[in-house]
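The values are calculated or read from the model by the stated rules, or taken from the named source; none is laboratory data. None of the values given here were measured: they were computed from a predicted structure. FYI the Cβ positions are ideal-geometry reconstructions off the backbone, even for glycines, and counts take in every protein chain you see. In case anyone asks, the SASA skips ligands and DNA or RNA and just uses the protein heavy atoms, side chains included. Shrake-Rupley method; radii C 1.70, N 1.55, O 1.52, S 1.80 Å.
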Number of protein chains: 2
Amino acid sequence: MTINNALFETLNPPQRLLMGPGPINAYPRVHQALSNQLIGQYDPVMTEYMRQTQVLYRQVFHTQNPETLLIDGTARAGIEAVLVSILQPGDKVLIPVIGRFGHLLCEIAQRTGAEITTIDVEWGKVCDPQQIEDAIKQVKPKLLATVQGDTSTTMNQPLAEIGEICQRHDVLFYCDATASVAGNELLVDDWHLDAVSVGLQKCLGGPSGSAPLTLSPKFVEQINRRKHIEKGIRDPHHTDGIEAMIQSNYFDLPMILDYWGEERLNHHTEATSMLYAARECARLFLEEGPAKVIARHKQAGDAMAAGLQAMGLRLFGDQDYKMNNVVGVYIPDLVDGEKVRQELLTRFGIEIGTSFGPLKGRIWRIGTMGYNARQEAVLHTLAALEAVLFKHRAQIQLGTAVAAAMEYY
Amino acid sequence: MTINNALFETLNPPQRLLMGPGPINAYPRVHQALSNQLIGQYDPVMTEYMRQTQVLYRQVFHTQNPETLLIDGTARAGIEAVLVSILQPGDKVLIPVIGRFGHLLCEIAQRTGAEITTIDVEWGKVCDPQQIEDAIKQVKPKLLATVQGDTSTTMNQPLAEIGEICQRHDVLFYCDATASVAGNELLVDDWHLDAVSVGLQKCLGGPSGSAPLTLSPKFVEQINRRKHIEKGIRDPHHTDGIEAMIQSNYFDLPMILDYWGEERLNHHTEATSMLYAARECARLFLEEGPAKVIARHKQAGDAMAAGLQAMGLRLFGDQDYKMNNVVGVYIPDLVDGEKVRQELLTRFGIEIGTSFGPLKGRIWRIGTMGYNARQEAVLHTLAALEAVLFKHRAQIQLGTAVAAAMEYY
């Protein structure tokens, strides 16, 4: 057998300024955290780091939920852990779909055998709470699942009122806040959220690969009815839960809670380096202060939007509900959007985002997240975009974008 | 609402010598790889790194399978991706169980609705191929799933003959080689393996959190019958597979193959830092040379075993089938195994492993893996263990263990 023999070069990724919808450049301190040496998974120092990570993410989520922890996988792993642990075949779930990631919730929920009802909202708008209450009355779902910030449309779904509605109708309320957390307000307890999952690779300023998660006591009580312990490690006195086994082992939240809990019952082997990264992301957010970080995202996002508009470009979607950390902008007529993106990358080292589904080829998405939610990143991006658009003969105002953004600061 | 306000200290994990059954200390170069800055997921440099990682792992696995890639999760995520993608309710699967991780395969397979038949082997032995062939004739399974090295018993299941049997009876052959890869021979194509998944945290010398995987064309053909593309990103011309949808989105291998393939169809956001780590683990293994790395593991494992025996300790299990990289050793009479482990950790900074299930409290497991499969790690561990056992008044030979291991080198 002949196998291609190649070792390739030592890693040497180029310096990029990642101004797309995520992943973005990590904070330098997160890279430092990642480079720390490993320790054993039951080392008292490790279990203490796990406990600290839980305390830190309770603060990030504004919650007192004891069950706050990490899922070892990307943001999507957190979503699946929540949905597969709570949903059984035939359970009713209501999903407002404001963009691509709403479809993803449907996709994942569908595979549990749940009955899904969607509220389909035009891309670029958010869902009206009244519509949700009407649908809840009709469908009587077990769970309402929604995305907070959907980067596909740049919209940020308000959650407070939906939380009250769910509370009133005794419906569990889950939200995927991957793209919005740390760049937009997220008050888990005040908004009556029963489950929230996120990722590190947006405003938290870390790499993809760890999914922080928080679960309310009510949610935990329900999933624990499905608790079954592995034969290889079970205690003879253990009694199984009364409801059907969760259809995934890796995403079996009751088992994962035991691993993170006092018992430290073996499940997976915690991804130590990613835990180091997740811990540092939370420390950075809390050290700077949640209100200040969110204000910094709003300032950067508004400056970027102001600059784009000053250039004569048109923004996408209902600006009253735009996420702080990403803006959609129409590609000017007669301009090849992909060529512009490519030139920004190869000449300026700046990455901006393309789009999915109905917006494919129509808008770019420009992010200002985490480490990159700062003045120089905004100004460099606007200056570069202007230069590339000029070269592509787009009808734009010259020399105004950067000035407009600078004025904003 | 009052939330505990705490930021905790900057990460500062203690220097440990991890001589348990894994995770172990990562190679320093893997930490360097982890600290590299991020790039976008569709950056040509990133997709090239992904391609290189595929080429590297084909060499690690000794395979020509085009479909060789990473699952973003711990080793267990790789197992679940394989089993949930291939198994449908009612499918027959045969699982020889030689230890705890055999039970885990059953656990995961069970949740797909597959019909499981096990061959239960006494802990400390491996499964006789004849037994497997007999069971195959009787059960006629779609899939045979086994563990190669099971750290719970330290046994290494020979696979070549089983591969021939599976080939002869047209049974798909999957192996979880997490604990054995890179420390013991693993020839995927020569042994007719259709699917193999591993993790980084054993002999590959990286952190937990990425699961390299390889799939034969035959396996891929079967799972592709279950291919369904997400609504949010699907092309209108796409036709769905003819068989039932895979019950997990995160572990839907046909979709993950499209993400890694030419199409680069969006699925998860690749965990960039962990990909950097996985790439470096493979480079280290291939640069030193597979035969040399495996010989280094054998030498370290044999030296450790020789030292333990010279001390008068008794080894666990059939030594003819012991994995190179971990040894089980009976805890001497009247000695509290957990106290010894604790003292090794707190006084010497050395971690050795406890045990699961029927071996709990009866044996320790001592690993010599990856970066720690080296002389000084073996000698320090033996010297420290002798000192602690002496303090605990164990009946051991003094002054002989280190000498025996040194002689071995």
Evaluate peptide B:198-210: per residue, the Cβ atoms of other protein chains within 10 Å of its Cβ; return the mean as an integer. 4
Global geometry of the range A:110-205, whether rounded, prolate or oblate, following the gyration tensor of its Cα atoms and the 1.5 cut on a/c: prolate
Against the longest principal axis of chain B, how steep is helix B:337-348, in degrees 0 to 90 to the nearest 10, with axes from Cα atoms? 80
If we hang a label 7 Å off Cα along the beta carbon direction at B:Pro13, how far is it from the matching labels on the other copies, in nm, shortest first? 2.0
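Which whole number gives the average count of other chain Cβ atoms within 10 Å of the Cβ atoms across peptide B:255-268? All intermediate terms of the calculation are to be shown ahead of the outcome.
Working: counts 1, 0, 0, 0, 0, 0, 0, 0, 0, 0, 0, 3, 3, 8.
Across B:255-268, the average partner-chain Cβ count within 10 Å equals 1.
Kindly identify the range B:28-286 as rounded, prolate or oblate by the Cα gyration tensor criterion: order the square roots of the eigenvalues as a ≥ b ≥ c, call it rounded if a/c is under 1.5, otherwise compare a/b with b/c, prolate if a/b is larger, else oblate. Walk me through the intermediate numbers first.
Working: a/c = 2.00, a/b = 1.24, b/c = 1.61.
Oblate, since a/c reaches 1.5 and b/c is not below a/b.
Accessible area lost on pairing B with A, both sides, 1.4 Å probe, Å² to nearest 100?
8100
List the GluC sites (Glu not before Pro) within the range B:122-207 that fall in a DSSP loop (any state other than H, G, I, E or B) and whose Cβ has at most 14 other Cβ atoms within 10 Å. Provide the component values of the computation, followed by the final result.
Values: sites: B:Glu122, B:Glu133, B:Glu161, B:Glu164, B:Glu185; in loops: B:Glu122, B:Glu185.
Counting only loop positions with at most 14 other Cβ atoms within 10 Å, the GluC sites (Glu not before Pro) in the range B:122-207 are B:Glu122.
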Phi angles of the range B:28-40, converted by Karplus (6.51 cos²θ - 1.76 cosθ + 1.60, θ = phi - 60°) into ³J(HN,Hα) in whole Hz with x for Gly and Pro, give x, 5, 6, 5, 4, 4, 4, 7, 5, 5, 7, 9, x
Using only Cα atoms, find the angle between the long axis of helix B:75-86 and the longest principal axis of chain B, and express it within 0 to 90 degrees, rounded to the nearest 10. 30
Helix B:44-61: inclination vs chain B longest Cα principal axis, degrees, rounded to 10, gives 60
Just grab the label-to-label distance for A:Gln375 and A:Glu407, each label 7 Å out from Cα along the Cβ direction, in nm (one decimal). 1.7
Quick one: 3J(HN,Hα) in Hz for the range B:273-287, Karplus 6.51/-1.76/1.60 with θ = phi - 60°, rounded, Gly and Pro as x. 4, 5, 5, 4, 5, 4, 4, 5, 4, 5, 4, 4, 5, 6, 5
Helix-only [θ]222 nm of chain A, DSSP H runs n ≥ 4, -39500 (n - 2.57) each, per residue, nearest 500: -12000 deg cm²/dmol
Out of the range B:1-78, which GluC sites (Glu not before Pro) are coil in DSSP terms and have no more than 13 other C-beta atoms within 10 Å? B:Glu9
For A:Gly357, label point 7 Å along C-beta direction: distances to other copies, nm: 4.5
Below 10 angstrom from the Cβ of B:Ala195, what's the summed charge of the other residues (Lys, Arg +1; Asp, Glu -1)? -2
How far apart, in nm, are the 7 Å Cα→Cβ label points at A:Ala387 and A:Tyr42? 5.8
Among the listed pairs A:Lys202/A:Lys391; B:Lys142/B:Lys202; A:Lys360/B:Lys227; A:Lys142/B:Lys92; A:Lys125/A:Lys360; A:Lys140/A:Lys202, which have their C-alpha atoms separated by more than 25 angstrom in this model? A:Lys202/A:Lys391; B:Lys142/B:Lys202; A:Lys142/B:Lys92; A:Lys140/A:Lys202
Scan around B:Thr354 for amide H atoms under 5 Å from its own, H built in the peptide plane at 1.01 Å from N, and keep only partners 5 or more places away or cross-chain. B:Arg365
For chain A, what does the relative contact order come out to in percent, with C-alpha contacts under 8 Å and a separation of six or more? 22
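Just the number, please: carbon plus sulfur as a percent of the accessible area of the range B:290-408, 1.4 Å probe, no ligands or DNA/RNA counted. Kindly include the intermediate steps, with their values, before the conclusion.
Working: 2780 of 5470 Å².
Ligands and nucleic acids excluded, carbon and sulfur give 51 percent.
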Cβ-Cβ FRET estimate between B:Thr117 and A:Arg264, R0 fixed at 30 Å, reported to 0.05: 0.40
Within the range A:294-387, DSSP-loop trypsin sites (Lys or Arg not before Pro) with at most 16 other C-beta atoms within 10 Å are A:Arg314, A:Lys360, A:Arg362, A:Arg374
In terms of Cα to Cα distance under 19 Å, which aspartates and glutamates are near enough to B:Lys339, apart from those fewer than 8 places away along the same chain? A:Asp43, A:Glu263, B:Glu351, B:Glu386
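Within a Cβ distance under 11 Å of A:Arg283, other residues only, what is the Lys/Arg minus Asp/Glu net charge?
On the way: positive: A:Arg29, A:Arg279; negative: A:Glu280, A:Glu287, A:Glu288, B:Glu9.
Local net charge: -2.
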Distances in nm from B:Glu407 to the matching label points in the other copies, shortest first (labels 7 Å along Cα to Cβ): 8.7
Take the alpha carbon atoms of the range A:140-204, find their center, do the same for the range A:359-392, and report the distance between the two centers in whole angstrom. 27
Long-range amide H contacts for A:Leu17: which residues qualify at under 5 Å (H placed 1.01 Å from N, peptide plane, sequence gap of 5 or more or a different chain)? A:Ile350, A:Glu351
